[in-house]
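Report on the structure given below.
The values are calculated or read from the model by the stated rules, or taken from the named source; none is laboratory data. What you are looking at is a predicted structure, and each value in this text was computed from that prediction instead of being measured. Cβ sites come from the backbone with ideal geometry, for glycine too, and all protein chains shown count toward neighbours. Note: accessible area is taken over every heavy atom of the protein model, side chains too, but ligands, DNA and RNA are not part of it. Shrake-Rupley method; radii C 1.70, N 1.55, O 1.52, S 1.80 Å.
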Amino acid sequence: MKNKQHYLITGGAGFIGSHLAEALLARGDEVTIIDNLSTGRFDNIQHLVDRPGFHFVIDTITHEMVMDRLVSECDAIFHLAAAVGVQLIIENPVHVIETNVLGTHAVLKAAARYRKLVLLASTSEIYGKSVQVPFRENDDRVLGPTTKARWSYSDSKAVDEFLALAYHHQLDLPVIICRFFNTVGPRQTGQYGMVVPRFVQQALRGEPITVYGDGEQSRCFCNVADVVRALLLLVECKSAIGEVFNVGNTQETTILNLARQIVAQVKAIPVEQTDAYITLIPYSEAYAPGFEDMQRRVPDASKLKHFTGWEPQILLDETLRQVIAYYRTNSSIAAESAKV
Ligand code: UDP
């Protein structure tokens, strides 16, 4: 039997972190999370509070003394704390850049002191507006100018990746980098622009579904349970150390098709009858001037499969069912997101 491990999850009260904490506890590991509750929610972890082996600290990861202690006490770190979401990047780039760069620096510095494995959560935004889909880990990045705040997120996470790899090569720190593609599931909020919770909440409130542009842009949505499974496999995969992995589903869907599927499920009507509930919003009204949307975002997930055997198991239809059920039973969260 596997030895019990103690994992530190930064950003553990967030959407992905809370699911990861749950999965680790379920298999008998000890979990400490640190979260400043800026985008994470206490509600996400409330049900874990009385579980044996669960500890939480409400603080920022740049608090050096706290991080030093937490890192010294754990076996490995999942570094998920970050500022995410397109809306946040446009509205508050100072916060995004500082949180991502300074936060990761603080985590790596503490990890290096005790030589603890860091699994760094990165993003498909790294690839920028490249049109060479599917994206492979060593592909070139294609970005816009620094005068467009949108790209600051991509570059802030790229600095995180550079720094993590530099700590690995120069200081022998074990690191693994995961680039998450669009991850969806229960507990994700629509407050920061994410499309699935937004559409689900609009449909449940009986509002028109706001599809930006012509809706022909596409994404690959991966269920958070599949993403968590990938993290559990990677953290135990010795050959993954020093490597970068795409973590995502390759099932591609257009945003218009996504809207149709959500309306069909919520209203229990055939997909052909859903268009009356969907409104196309021009990009100029949806985002600040100069915003560029990505037309396609598709991962090549073959490296992850090669190293760990991972393949996604949950289809989009089932993921949407889970998200709809979540918002049906958590209407207070839906109401809070609606204020934004
Ligand atoms: N989107 C949309 N309506 C919304 C929110 C998002 O049509 O209310 C679109 C957005 O323009 C993008 C896609 O959905 O093409 C995915 O957006 P999200 O912010 O979830 O992820 P990302 O763009 O970072 O992949």
Any hit, segment 237-254, residues being touching a helix residue (DSSP H, G or I) at 6+ places or on another chain (Cβ under 8 Å), closer than 26 Å to residue 154 by Cβ, open to solvent by 70 Å² or more (accessible area, probe 1.4 Å) and not basic (Lys, Arg): yes
Spans of helices (runs of 4 or more DSSP H) in segment 144-236 with at least 3 residues surrounded by fewer than 17 Cβ atoms within 10 Å (Cβ to Cβ): 150-171
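State whether one or more residues within segment 263-277 are aromatic (Phe, Trp, Tyr), away from the ligand (no atom under 15 Å from the Cβ) and open to solvent by 40 Å² or more (accessible area, probe 1.4 Å).
For segment 263-277, residues aromatic (Phe, Trp, Tyr), away from the ligand (no atom under 15 Å from the Cβ) and open to solvent by 40 Å² or more (accessible area, probe 1.4 Å): absent.
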Any pair with Cβ under 6 angstrom, 6 or more apart, that starts in segment 199-210 at a residue that is of a type in the set (Ser, Thr, Tyr) and ends at one that is near the ligand (Cβ under 8 Å from one of its atoms) and modelled with pLDDT of 95 or more: 210/281
Residue list for segment 186-217, restricted to those being in contact with an Asp or Glu (Cβ under 9 Å, 6 or more places away or on another chain) and more than 9 Å from the ligand (Cβ to nearest atom): 187, 189, 191, 201
Only one of 293, 300 that is open to solvent by less than 70 Å² (accessible area, probe 1.4 Å), more than 10 Å from the ligand (Cβ to nearest atom) and of a type outside the set (Lys, Arg): 300
Count of segment 272-309 residues which are touching a Phe, Trp or Tyr at 6+ places or on another chain (Cβ under 9 Å) and assigned to a loop (DSSP other than H, G, I, E, B): 10
One residue from 335, 325 being at pLDDT below 95, part of a helix (DSSP H, G or I) and of a type in the set (A, V, I, L, M, F, W, C): 335
Residue within segment 25-46 that is open to solvent by 50 Å² or more (accessible area, probe 1.4 Å) and small (Gly, Ala, Ser) present: yes
Among residues of segment 176-197, those that are out of contact with any helix residue (DSSP H, G or I) (no Cβ under 8 Å at 6 or more places or on another chain) and at pLDDT 95 or above, counted: 0
Identity of the residue in segment 65-85, open to solvent by 40 Å² or more (accessible area, probe 1.4 Å) and within 21 Å of residue 228 (Cβ to Cβ), that ends up nearest to the ligand (Cβ to nearest atom): 84
Enumerated helices (runs of 4 or more DSSP H) restricted to segment 12-91, each holding at least 2 residues that are of a type in the set (Asp, Glu) and more than 20 Å from the chain's Cα centre (by Cα): 64-73
Residue match in segment 234-255 (condition: within 10 Å of the ligand (Cβ to nearest atom), under 22 Å from the mean Cα position of the chain (by Cα) and either at pLDDT 95 or above or of a type in the set (S, T, N, Q) (or both)): yes
Residue match in segment 13-28 (condition: touching a His at 6+ places or on another chain (Cβ under 8 Å), within 22 Å of residue 108 (Cα to Cα), modelled with pLDDT of 95 or more and among the small types (Gly, Ala, Ser)): no
Among the residues listed as 88, 102, 119, the single one being in contact with a helix residue (DSSP H, G or I) (Cβ under 8 Å, 6 or more places away or on another chain), open to solvent by 10 Å² or more (accessible area, probe 1.4 Å) and either modelled with pLDDT of 95 or more or within 16 Å of the ligand (Cβ to nearest atom) (or both): 88
